[in-house]
Amino acid sequence: MGMFKGRYQLSEFTPYTYKTLAESAYTTNKGIAHTVPIGFITDGASIPRLFWSFVGSPFTGLYRRAALIHDYLYATQTTKRSYADRIFLEAMKDLGVSWWKRRVMYLAVRGWGWRPWNKHRKRIKS
């Protein structure tokens, strides 16, 4: 089982993004640590507003810490996209997110995550 360390502490940066105020880390089931630094900007879980009543909003729910790690892995691209998505799934399980919700969210990032991934890739290359 993976483990989270640090605090999930955010402050509004813009109406749709938040900045981390504390370091937050997740160590995978295989012992690999991923640390989100203070000052990282996140947009939370990328859940379309249409589904908020069904799944939850970007900064609520048990999945919010997993979404922060996932956002950081996408933004830094220090891993492959498929790995970042698997870590998101693993972290949601460790947080107690229900099977159906983590499956829906995982399939969503696998299906549509290429858009933000490519956006970050272009930013990194610039």
Could you list, in sequence order, the residues of the range 95-108 that are buried (at least 19 other Cβ atoms within 10 Å of the Cβ) and in contact (Cβ under 8 Å) with a residue 40 or more places away in the chain?
105
Quick one: which residue in 59, 88 is aromatic (Phe, Trp, Tyr), in a loop (DSSP other than H, G, I, E, B), under 18 Å from residue 4 (Cβ atoms) and in contact with a helix residue (DSSP H, G or I) (Cβ under 9 Å, 6 or more places away or on another chain)?
59
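To keep it simple, each residue is scored yes or no on (1) within 12 Å of the chain's Cα centre (by Cα); (2) not aromatic (Phe, Trp, Tyr).
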| site | (1), (2) |
| --- | --- |
| 67 | yes, yes |
| 72 | yes, no |
| 78 | no, yes |
| 84 | yes, yes |
| 89 | yes, yes |
| 94 | no, yes |
| 98 | no, yes |
| 101 | no, yes |
| 105 | yes, yes |
Looking at residue 61 and the list (1) at positive phi; (2) free of Cβ contacts under 8 Å to residues at least 12 places away in the same chain; (3) surrounded by 14 or more Cβ atoms within 10 Å (Cβ to Cβ), which single condition is not satisfied?
(2)
Please count how many residues of the range 1-19 are over 24 Å from residue 48 (Cβ atoms) and surrounded by 15 or more Cβ atoms within 10 Å (Cβ to Cβ).
3
Candidate set: the range 91-126, residues that are of a type in the set (S, T, N, Q) and in a loop (DSSP other than H, G, I, E, B); chosen: the one modelled with the lowest pLDDT:
126
Of all residues in the range 21-64 being within 19 Å of residue 96 (Cα to Cα) and aliphatic (A, V, I, L, M), which is modelled with the highest pLDDT?
25
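The values are calculated or read from the model by the stated rules, or taken from the named source; none is laboratory data. Worth saying up front: this structure is predicted, and the values here are computed from it rather than measured. With ideal geometry, Cβ positions are generated from the backbone for all residues, glycine too; neighbour counts draw on all protein chains shown.
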